[in-house]
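The block underneath contains the structure these notes are about, expressed in C-alpha cells.
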Amino acid sequence: MKSCLPLLFSALCLVTSHAAEPKPLADGAVATDWPRFLGPTHNAISTETRLLKNWEKDEPKLLWEFPKGLGHACPAISGKSLILFHRIDKRETIDCLNAETGEQRWNLSYEAPYQDRYGSGEGPKTNPLIDNDRVFTFGISGLLHCLNLNDGGVVWKRDLGAEYQMKPNFFGHGSTPLLMGNRLIVNIGGKGNACVAALDTATGKPLWVAKHEWGASYASPVPATFYGRECVLVFAGGESRPPTGGLLCIDAATGQVLNATPHRARIAESVSASSPVVIGNRVFITESYGSGGEMIEIAPDFSAKSVWKAGKFGAYFMTPVAKDGYLYGSSGQQPRLAELVCYEAATGREMWRDDLGGKFQRSTLLSVDGAFLCLGENGLLGWLDLSPKGARVLVSKPLFSAPESWTLPALSRGLLYLSQNERDDAGNGPRLLCYDLRGQ
C-alpha cells in the first residue's frame, strides 16, 4: 500500500480546505451511516431527521472540500470514516477521510489502464462499499479490491475484467456491486454468458455464477425478498448488436436465474443506468433511450409479467424513488427537456410532469425528513415538496456551476456530501464538498 501518490500527484494528498466544526446533532435526531450506493436501504430513502430546511435564516455551511480526480462515484460513510473512489491520471485512487473534517487518513492508488471511446471520462462510475471493517471498490477496467477500513491494507483483490473476459462496454464497467451477507454480487457480463457473479467477501473466491446472455449494464443490483426467498435484481444489458437486456431475478443463495424480462431500447447505442425499484412483489425499471419505464410483477412461482409500461418515464442516470404508492423521478435524455414526473405505482397512471422552470434539468432525488433533496446536474441543490398533486420548490441554492453533477449526494449524521465532477465556472476543479445540514 502507498500512503500517498508520488511526485506529480502529491499535491492532492492531505489538502482539505474550509475545515470548520459542524453543529451538534439536534436532540432526538435520527442519524445513520451511508455505507453503499443509494444509501442504507438501497432505495435513495433516508431515515435521518431534524435536518436544516429553512435556508433563509440559516444556509447550509460548507465545512470542508477535498480535491478529487475523475469519476462519478458517491462516497461511502461509516462512522467517521469516508471513502472516496476516483482516478488521478492513469491510477485509480481510494482515499479514506475523516467524515467531519475531511482530513486524509490513508490513501491507496494503483495502475488501471483504460481509454474511453466516447469522451465521457476515465474515472470510476461505481461507488465504494463499506461493510464493518472492510472496503470494496470495483474499477472501470474490472479491478476489484477488498481493503481494511482502518489502514487501507489490501485484504484481497481480483482482476475480474481479465478473469471473466468481461465484454467491452461503452464507458467501461460501471455497475456497483451489491453486498448481501457474505456475498459480494457483481454484474460482470463475462465470456460464456457469465452475467452475474457472487464472491465470498472474506476471501474473494467465487461462490456462484449466474448464466445469461445479457451483458453488464450501468445499473447496480439491488436486493429483494419475494415470498420469503432472498433474491438479487439485476437490470442487465451491455454493448451488443442487436441490443439486448432486461430485468433478471436471481436466487441470492445459488445464482439460479429465476426469470428474465426483456427491456432495452432498440438502438444499439443505449445504456441502462437506473437501478431497479422494489415495491412489494413488483419491480420498476426505466431507461431513457426509447423504452422508458416498465412495472414487472413477480408471481409466487417466480414467473414474471409486465403490469404496465410508461414510455414517457425514461430516467437517464438517476434511480426513481418510491414513496407512499407513487414513483418520482427525473425523466429525459437531454438536459433542457428533462422533467420531474410522478406515476401511480399500482396503475402506471401519470399524475404530473414539471420541468421546475428548467433550473434543475436532469436531477437526483433523495427522500428524507418529510421532503425530497434534489440535486440538479449543474450544482443546484433544493428541498422539494413532491406529492401526487404536484411539485413545489421549498428552497434552493446554487452550490457551484459545473456540468455532470450526476452523483446522488450522500447523507450521514446530518452532513451532506456532494461530488462536483467537472471544473466549475469559478475555476474550481473536481472536488468533494461537505455541507452541514444539521437542524435544530
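The values are calculated or read from the model by the stated rules, or taken from the named source; none is laboratory data. Computed from a predicted model, the values in this text were never measured in an experiment. Backbone-built Cβ (ideal geometry, glycine too); neighbour counts: all protein chains shown.
Summary table below
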read-out	value
The range 243-256, residues that are surrounded by fewer than 19 Cβ atoms within 10 Å (Cβ to Cβ) and under 20 Å from Pro177 (Cβ atoms)	Asp251, Ala253, Thr254, Gln256
Ala31 vs. criteria farther than 29 Å from Arg392 by Cβ and not β-branched (Val, Ile, Thr)	no
Qualifying position, being over 16 Å from the mean Cα position of the chain (by Cα), surrounded by 23 or more Cβ atoms within 10 Å (Cβ to Cβ) and outside any loop (DSSP other than H, G, I, E, B), among Val196, Val155	Val196
Pair list, Cβ < 8 Å and 6+ apart or interchain, from the range 259-271 residues that are free of Cβ contacts under 8 Å to residues at least 24 places away in the same chain to residues that are assigned to a strand (DSSP E or B) and not polar (S, T, N, Q)	Pro262/Gly246
Flag if Glu48 is in contact (Cβ under 8 Å) with a residue 24 or more places away in the chain, within 22 Å of the chain's Cα centre (by Cα) and over 30 Å from Glu92 (Cα atoms)	yes
Total residues in the range 27-81, condition assigned to a loop (DSSP other than H, G, I, E, B), closer than 16 Å to Tyr435 by Cα and among the small types (Gly, Ala, Ser)	1
The range 393-440 - residue that is hydrophobic (A, V, I, L, M, F, W, C) and not in a strand (DSSP E or B) and, of those, nearest to Gly121 (Cα to Cα)	Trp406
Those residues of the range 158-179 which are buried (at least 17 other Cβ atoms within 10 Å of the Cβ), hydrophobic (A, V, I, L, M, F, W, C), at pLDDT 95 or above and out of contact with any His (no Cβ under 9 Å at 6 or more places or on another chain), in sequence order	Leu179
Some residue of the range 122-143 being in contact with a Phe, Trp or Tyr (Cβ under 9 Å, 6 or more places away or on another chain), more than 21 Å from Val196 (Cα to Cα) and either among the acidic types (Asp, Glu) or buried (at least 17 other Cβ atoms within 10 Å of the Cβ) (or both)	yes
Qualifying residue in the range 374-387 (condition: among the aromatic types (Phe, Trp, Tyr) and either outside any strand (DSSP E or B) or under 26 Å from Val283 (Cβ atoms) (or both))	no
Residues satisfying the stated conditions in the range 199-216, i.e. more than 15 Å from Glu163 (Cα to Cα) and of a type outside the set (A, V, I, L, M, F, W, C)	Asp200, Thr201, Thr203, Lys211, His212, Glu213, Gly215
